[in-house]
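The structure appears below as structure tokens.
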Amino acid sequence: MVSTRTSTGIWWGLLGVVAFSFTVPLTRVAVEGMSPLFIGAGRAVVAAVLAALALALTRQRFPQGVQWFRLAVVAGGIVAGFPLLTTFALTSTSASHGAVVIALLPAATAMAAVIRGRERPRPLFWVLTVIGVMAALVFALVQSGGFGSLHWADLLLLGAVLAAAIGYAEGGLLARELGAWQTISWALVVASPVMILLTVFSLGSGIPSATPVQWWCFAYLGVVSMFLGFFAWYRGLAIGPMAQVSQIQLVQPVMSIAWAGLLLGESMTWTTVVGGLAVVLCAGAAVRVRLIPPSTS
């Protein structure tokens, strides 16, 4: 049986994953009418404004000492690194192909959590994790038609995975000290000077001539993907166990590719059903494996 605390963490994590699952498809829509730099940096500026207002209105205490450095690590990973790298990658690849990056995130986050948080999962947890990642990768690759030859977009996606994993792991730990929504809010504030400069630079050729739908997608990326979604995600990671909660993200490529089919008209075949079922089953099995302390015998 999974403890009540663990179940609570899983449900909060799932809520965050649902919010994040729209990110790749909506980014693919937005890049058709806006520059990737404007999207990647501008969405962080929108979220930073909301974060600053929330912190001020609730009179949150300021982080102390080394917490500022740790917030910079979080900001570099999930406020700057992941959004910018994935946005540039999606200028030359489909949303389905981009979902591969989401399939790799749980394993990368779990590894970062073990290193940073000193968590010790049972061997069965890692077996299920590997099976889940393999299922997610096969599903995403088949659905997107495969990688073909390695090109710059794939390298950007790989860099985005690494950046997000570090940001998630550090943010999950920091959320236990500062609070879930406070952590992402402070990270957004810390990154805001750089992101404002990048946004201004991206506007050198003028305001993007995007459609209302593209602006709506941009708004979602700023308000939900960069801000509200992290409320739930970091709360789930903070409740933990972090390595287990992170595995919920294995279902994200299923959702993202489904949204890509529904919203963008990207092809959906029987592999969506088979692959999606495999990913969900693996994720469900992994989160039910309890973390136990190392044997002292």
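Just so you know, all these numbers are worked out from the coordinates, no wet-lab data involved. Treat the numbers as computed from the prediction; the structure is a model and nothing was measured. All Cβ positions, glycine included, derive from the backbone under ideal geometry; neighbour counts span all protein chains shown.
The simple spin-label model puts a point 7 Å past each Cα toward its Cβ; for L197 and R61 those points are separated by 3.2 nm.
Rounded to the nearest 0.05, what FRET efficiency do V213 and E177 have when you use their Cβ-Cβ distance and R0 = 35 Å? Result of the calculation: an efficiency of 0.30.
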